[in-house]
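Here the structure is laid out as structure tokens; the discussion comes afterwards.
Just so you know, all these numbers are worked out from the coordinates, no wet-lab data involved. Everything numeric here is computed off the predicted structure, so don't read it as measured data. Neighbour counts run over all protein chains shown; Cβ positions are idealised from the backbone, glycine included.
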Amino acid sequence: MRDELHLMELVDRYLDGSMSGEERTAFEVRANGNVELRQLIADQRVLREGVARAPVRAAAAKAYRAYRFGKAMPWAGGALIVAIVAVATLSLWRSQVSGSSTENTNEQEPMLERFLDDTIGSHLNPLVMTIDPKQDTTLLTPSGIVLDIPYGAFMDDHGNTITTAVRVTMLEALEPLDIMKAGLSTMSGDTLLETGGMFYFDAQANGKAVRIDPARPIVAMVPAKPGQADMQLYQGVKLEDGTIDWRNPRPLKKSLVPVDITTLNFYPPGYEAKLAALGQDVMDKVFMDSLYYSFSGDMFAQITGPGKSRWISIEEVERSFADTTVASSRTGYTAIEPHMGIDPSKVRAIWNAGFNNTNLATREFEERMRAIHGTCDNAVLDLYVNNLDQDLGAIDALSARMGHPEFNVLAERKDGRVDLPAGSADRLARTYREWSRAAAEAVRKTQEAFWSEQQRLDDVGQLRQNKQAQQRLEQDLVRFEREYTANLAEACRQLGIKKLGPTREPPILVYEVLIPNAGWWNLDRALYVMTADRKTGSWSDERTGKVATIQYAPFTVEVVERKSYEDVMVYLVPKEISSYQRMKDGGHRFSESTNKAFTYDVVCLGRRGTERFGALRSVAPSSLEERLALEPMDDSRLEDLLARQDASVSKGLAEESRYAVWLGLDRDRQAKTTALAVLRNQLLPVVFPCSTPEGETADRRAAVLDRTARYPAGEDALDELLTVSLRNADDPLTRYIEGRVEVQFWVLEDGTVHDPKLSRLLYPSCDKRALEIFRTMPKWDPAIRSGKPQRLQYFREVKFVKMRPGTTVETMIQLK
Amino acid sequence: MDDQRIIGLIHQGKDHEAFKALYAYLPKVEHLVRQNSGRRGDAKDIFQDALIIFHRRVRSEEFALTSSIGTFLFAVCRNLWRDELRRRNKSLGEWKLETEADEPADLTALLAREGEFKQAEKALKSLGAKCVDVLTRFYVKHEPLAQIAKSLGFSGEGAAKTRKYKCLEEARKRYRNMMGTTVATMQHP
């Protein structure tokens, strides 16, 4: 090592140019033949330049702060400094007092006397402390001034750091009474100053006054009184007559007092009030937080299009709207505009204990946060979080310069900062960046998963409801057929007609009914109407004089404590025909007409939450009214209850019972989802105050579209095309059906109707027919956006009616 | 403040005053950087690098001012930022400001050299404040070893010398590492 050290010194001397000519030549010759030495010389030269850069960089950085923040200058180097100080809003300051002994003495220092004659300061008790300048020292005075003396703060006259004990003397007069008693004035030139207090500071080593190293300024924190804003720091200069003139005023920095960050409110202004107004529990912070943070997902926009849906960032949306070529290549995609405001994920990243004891955990920042929400500019929030080692006031000024002049008012307060341990600011800023990004992504995924699951459940639910509706329809049509056949048989029996022809379908149109054989056709028709209307009627055969009567009687059922169940359904089960019929729910009572030719059972099914209930009663032929009490049911008890019924009846009713439970649960789910969606929608303007109002957005979106797609023959022609009567269909049952099928389809750029799909079903033959209509539909005029054809998706209903409009007929079957 | 006065300040060692005045050119650089996918902080960093480069040029003997300080600083910053973008693998396709006519001709060589110095500075900084302190006192302030020992609390001149050697040697290793080469252990012949 010695050799290497020596070699390095040689290189230094060579580089310094302090070698003699001879020595230099010899060294150069040696270097010429030694590649490693040449490398060492080169490296050492570079390293020396690197060393030289360090102090220059420090100077550049310091000058930058002076340039940007007009940073308060450290105390000047004079030994004696008396100052008048006040700071607003600094309330309690607690700090460790460490490192030194404190003596409180009346003994007057000779040095003090030199400056303070008998009229100045003589009534004040000097505080004298001996400190070790080799370590950091914090002192707390009786009036509450905190002195922070860094190690190596004192220098002698030659600028050398003092390592021996330093005696620090302080006088303080913060209260007006003390100031007057001390004979101190508050004159600056000819102006009388309003004072927030004065203090005198002196330091000596070995009986000699010491200087303060400008690079290691001593910091004094002086308790402020409320109402004393805009105080400045004056330096005292002793005049010939022994009084003090206060000169050289400088603005003061206000230190911040951190509080527990979780007690602060970083929500957008009005968020809690709005929640309260909407009847939500504003004491439930967990709920309010998770709801607020969930809005982070709304910072993303969704682009949907044929067969695709994906999430994109705001920037991407802006790009795609800005760049027309991109927009046109994405024809057919609807972009939902993103919301503008402070990203809740960013708030989440700072609003936690990790940022305690920083600028952010202060009442002052809480106030900034409200202003930041008002700007909707995430860059402003970033600015505060990324500069935790700066004064709030400085960042206020920067924010104002970023185009938010409202921050000028805040900047004028010149609020300071909460001091951080070395490296903390960078670490926290990094945490903030990584955290907020991760949180935003997680929220987006959760939100997306939640809402797409709701969509899936909605689809499944719609399908099941369609299926159930279809089954009910089929069941009722079958029942009608059977009851009608039974009535026909009964009428024939009464008329004494022995031989029955095959049952015929009743005609639909009145004018189409030909009457070649009066007996059969008339009877048919009358019976059909009676069966459909469930009303008593008779028909007489003119040839024989015999009269046939079909009797219906009104019948009602009352369910005990009807109101305590969420759903109640009552069914009539005629024993003669294997079928059942749902009674009309009048709220208080259930009613339906009973056919006198049948004997009935009444089955009642109820639901409360997921609990199921049931009851069964055989109805006496003369009974007009029954009263039933429900009992709890499960699958096996329900099976027992329905054991006497036909297999198809009990199967159908058991299915109705299960369906009721499912439907109830699904309705609850939908209601909750809807309530959440409504709540979020109502909060959107609060969370994202800069978003375009909903209506305006819709207008703007419509404005983007020059024209929507059109059916060429016009809207009336389309209506006619989409109103269908299926009287000639193969499936005779469809003749009685009325209802609507919804079809979802695309109109492509060339007007072709593409990919029709059913979004609401009715009955298989109707569904099939509706799809056929769209598959064979003529071309449309496509939608136009920015002058170019644009593919768009539409929804239309196909109406099924028993009659074409313009003809009349009695209603025969009321379809649900 | 005119250019000659700033140069005068640097010669007098009043770097702080000089730099404070020179920061007047920062907004222009900020504009350049922010137009080219940078942030305000990036602008500050490269501007400080430029100040250091300028400072070294003024202090070196061969210095002659061939353009205004503002032009020089701006040209240096533009080049530094271009290098930085290249380093970040950003496309230069959208580069908005082309090389200007009055750009000093030897800038590329100068910046390559300064880049090495900056690496050396980084290597030194990674050693900690104490090492930087020793080396600065020795090489920049030219304090005698005895005084360095006294100020920093070393037992004697020898200890200060050893410390200086160790710091420099370690810095060299780290610097070589950064530059992608290893230091061959030197043997005194």
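Inter-label distance, A:Glu742 to A:Val678: 1.9 nm, where each label sits 7 Å from its Cα along the C-beta direction.
How high is the FRET efficiency from B:Lys28 to A:Ala353, r the C-beta distance, R0 60 Å, rounded to 0.05? Show your work: numbers first, answer last.
Values: r = 43 Å, r/R0 = 0.71.
It comes out at approximately 0.90.
Summing Lys and Arg as +1 and Asp and Glu as -1 over all other residues whose Cβ lies under 9 Å from the Cβ of A:Leu761 gives a net charge of 0.
Excluding B:Phe154 itself, what net charge comes from residues whose Cβ is under 14 Å from its Cβ, given Lys and Arg +1 and Asp and Glu -1? Walk me through the numbers on the way to the answer.
Values: positive: B:Lys130, B:Arg137, B:Lys150, B:Lys161, B:Arg163, B:Lys164, B:Lys166; negative: B:Asp133, B:Glu143, B:Glu157.
Surrounding charge for B:Phe154 is +4.
Counting partner chain Cβ atoms within 10 Å of every residue's Cβ in B:47-59, what's the average? Spell out each step's value before the answer.
Details: counts 2, 7, 3, 1, 7, 7, 2, 2, 7, 4, 0, 0, 2.
The shielding value for this peptide is 3.
With a Förster radius of 30 Å applied to the beta-carbon distance between A:Glu720 and A:Ser578, the computed FRET efficiency rounds to 0.15. Rounded to the nearest 20, the size of the Cβ-charge dipole of the range A:552-662 about its Cα centre is 220 debye, with Lys and Arg at +1 and Asp and Glu at -1. Taking the Cα centre of the range A:603-663 as reference, the dipole from Cβ charges on Lys and Arg (+1) and Asp and Glu (-1) amounts to some 100 debye. Computed on the range A:586-678, with alpha-carbon pairs under 8 angstrom and 6+ residues apart, the relative contact order is 24 percent.
Please give the peptides A:37-43, B:127-133 ranked by average Cβ packing (other Cβ atoms within 10 Å per residue), highest first, as a rough proxy for protection. Can you show the working numbers first?
Values: A:37-43: 17.4, B:127-133: 14.9.
Output ranking for A:37-43, B:127-133: A:37-43, B:127-133.
Between their Cα atoms, which of A:Lys467/A:Lys672; A:Lys285/A:Lys445; A:Lys445/B:Lys125 are more than 31 Å away from each other? Going by Cα-Cα distance, A:Lys445/B:Lys125 fall outside the 31 Å limit. Please state the shape class of the range B:126-179: rounded when a/c is under 1.5, otherwise prolate if a/b exceeds b/c and oblate if not, all from the C-alpha gyration tensor. Prolate, because a/c is 1.5 or more and a/b exceeds b/c. Taken residue by residue and averaged, Cβ atoms of other chains lying within 10 Å of the Cβ of B:132-139 number 4. The charge dipole of the range B:126-179, taken about the Cα centre with unit charges on the Cβ atoms of Lys, Arg (+1) and Asp, Glu (-1), comes to about 160 debye, rounded to the nearest 20.
Counting only other chain Cβ atoms within 10 Å of each residue's Cβ, the peptide A:38-48 averages 6. With 0.36 nm allotted per residue and the present C-alpha distance subtracted, the A:Glu655-A:Glu36 stretch has 213.6 nm of extension available.
Taking a ≥ b ≥ c as the square roots of the Cα gyration tensor eigenvalues, with a/c under 1.5 meaning rounded and otherwise prolate when a/b beats b/c, else oblate, which class fits the range A:552-662? Verdict is oblate for the range A:552-662.
Assign one of three labels to the range A:2-69, namely rounded, prolate or oblate, based on the Cα gyration tensor with a ≥ b ≥ c the square roots of its eigenvalues; rounded applies when a/c is under 1.5, prolate when it is not and a/b is larger than b/c, and oblate otherwise. Walk me through the numbers on the way to the answer.
Working: a/c = 3.59, a/b = 2.95, b/c = 1.22.
Taking the square roots of the gyration eigenvalues as a ≥ b ≥ c, the range A:2-69 is prolate.
Order these peptides, A:424-430, A:393-399, by their mean beta-carbon neighbour count within 10 angstrom, highest first.
Details: A:424-430: 15.6, A:393-399: 23.1.
For the peptides A:424-430, A:393-399, the packing ranking is A:393-399, A:424-430.
Which pairs, out of B:Lys20/B:Lys130; A:Lys414/B:Lys14; B:Lys141/B:Lys161; B:Lys122/B:Lys164; A:Lys62/B:Lys173; A:Lys596/A:Lys651, put more than 21 Å between their alpha-carbon atoms?
On the way: B:Lys20/B:Lys130 27 Å; A:Lys414/B:Lys14 29 Å; B:Lys141/B:Lys161 15 Å; B:Lys122/B:Lys164 17 Å; A:Lys62/B:Lys173 30 Å; A:Lys596/A:Lys651 26 Å.
Pairs exceeding 21 Å: B:Lys20/B:Lys130; A:Lys414/B:Lys14; A:Lys62/B:Lys173; A:Lys596/A:Lys651.
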